[in-house]
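Here, each number is a calculation from the coordinates, and none is a lab measurement. These figures come from a predicted structure and were not determined experimentally. Note: ideal-geometry Cβ built from the backbone for every residue, glycine included; neighbour counts use all protein chains shown.
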Amino acid sequence: MPKVLVLYYSSYGHIETMAEAVAAGAREVGATVDIKRVPELVPHDIAVKSHYKVDQKAPVANVEDLANYDAIVVGSGTRFGRMTSQMANFLDQAGGLWARGALNGKVGGAFTSTATQHGGQETTLFTIITNLLHFGMVIVGLDYGHAGQMTLDEITGGTPYGASTLTGGDGSRQPSENELAGARYQGRRIAEVAAKLHG
């Protein structure tokens, strides 16, 4: 079965929770999954004063780690309609992997969060997906097999480009069951595609 990396950056824990759901979905179909986070760029004392979730259990990734996986699912909150600087900084260091084609043909996907319904989820997903395409990866989004993204019964994240959640302006809203189901579904689909390509 494929090896899957769920690579994320999470200031307040929302993307961390989504990462765990993506990983759970991939494990449901037998994938070996690691969850890692990218380094924090904000000084620790400022992060604490800003109420960042500084006790995340996932180990910090190394850029060279990426070459060891069949699939990489990247999660980042949004900053003005694009991925966080922490995630961008990490991916910017992958030039050596790109130059030697180390990620060509691997499966990739993206997930995100925003404070509001129209806070840039799809553009943020595309900033991640653009990087993955430059690496030569095969992209798997959140297809409409997850019908929950089409519901009008509740406010919810979820786009065909990747799983997503809404946090609320003060960050108090946690991922809903529908949003977590979308993350698990995308994790399963990415693992299944990776198994077919690399099995």
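Looking at this structure, is Arg82 touching a helix residue (DSSP H, G or I) at 6+ places or on another chain (Cβ under 8 Å) and over 20 Å from Ala24 (Cβ atoms)?
Numbers: touching a helix residue (DSSP H, G or I) at 6+ places or on another chain (Cβ under 8 Å): yes; over 20 Å from Ala24 (Cβ atoms): yes.
Yes, satisfied.
Suppose we keep only residues that are assigned to a loop (DSSP other than H, G, I, E, B) and touching a strand residue (DSSP E or B) at 6+ places or on another chain (Cβ under 7 Å) within region 119-137. Which one would you say is farthest from Gly95 (Cα to Cα)? Among those residues, the one meeting the criterion is Gly119. Residues in region 138-167 that are assigned to a loop (DSSP other than H, G, I, E, B), among the small types (Gly, Ala, Ser) and either over 17 Å from the mean Cα position of the chain (by Cα) or over 16 Å from Glu122 (Cβ atoms) (or both): Gly145 only. Scanning region 30-41 for residues that are loosely packed, with under 15 Cβ neighbours inside 10 Å, free of Cβ contacts under 8 Å to residues at least 40 places away in the same chain and within 15 Å of Tyr9 (Cβ to Cβ) gives no hits. Exactly one residue among Gly145, Gly157, Gly81 is out of contact with any Pro (no Cβ under 7 Å at 6 or more places or on another chain) and surrounded by 20 or more Cβ atoms within 10 Å (Cβ to Cβ), and that residue is Gly157.
In the set (1) outside any helix (DSSP H, G or I); (2) within 17 Å of Tyr12 (Cα to Cα); (3) in contact (Cβ under 8 Å) with a residue 60 or more places away in the chain, the condition left unmet by Gly105 is number (2). Has region 124-140 got any residue that is surrounded by fewer than 14 Cβ atoms within 10 Å (Cβ to Cβ) and farther than 17 Å from Ala110 by Cβ? There is no residue in region 124-140 that is surrounded by fewer than 14 Cβ atoms within 10 Å (Cβ to Cβ) and farther than 17 Å from Ala110 by Cβ.
Taking region 29-63 as the range and being assigned to a helix (DSSP H, G or I) and either at positive phi or under 18 Å from the mean Cα position of the chain (by Cα) (or both) as the test, only Val63 passes. Restricting the first member to region 18-29 and to residues that are farther than 16 Å from Tyr8 by Cα, and the second to residues that are β-branched (Val, Ile, Thr), the beta-carbon pairs closer than 7 Å and six or more apart or on different chains are Arg27/Val33.
Counting just the residues of region 96-123 that are in contact with a helix residue (DSSP H, G or I) (Cβ under 6 Å, 6 or more places away or on another chain) and closer than 19 Å to Leu180 by Cα, which one comes out surrounded by the most Cβ atoms within 10 Å (Cβ to Cβ)? Step by step, filter region 96-123, then rank; the result is Phe111.
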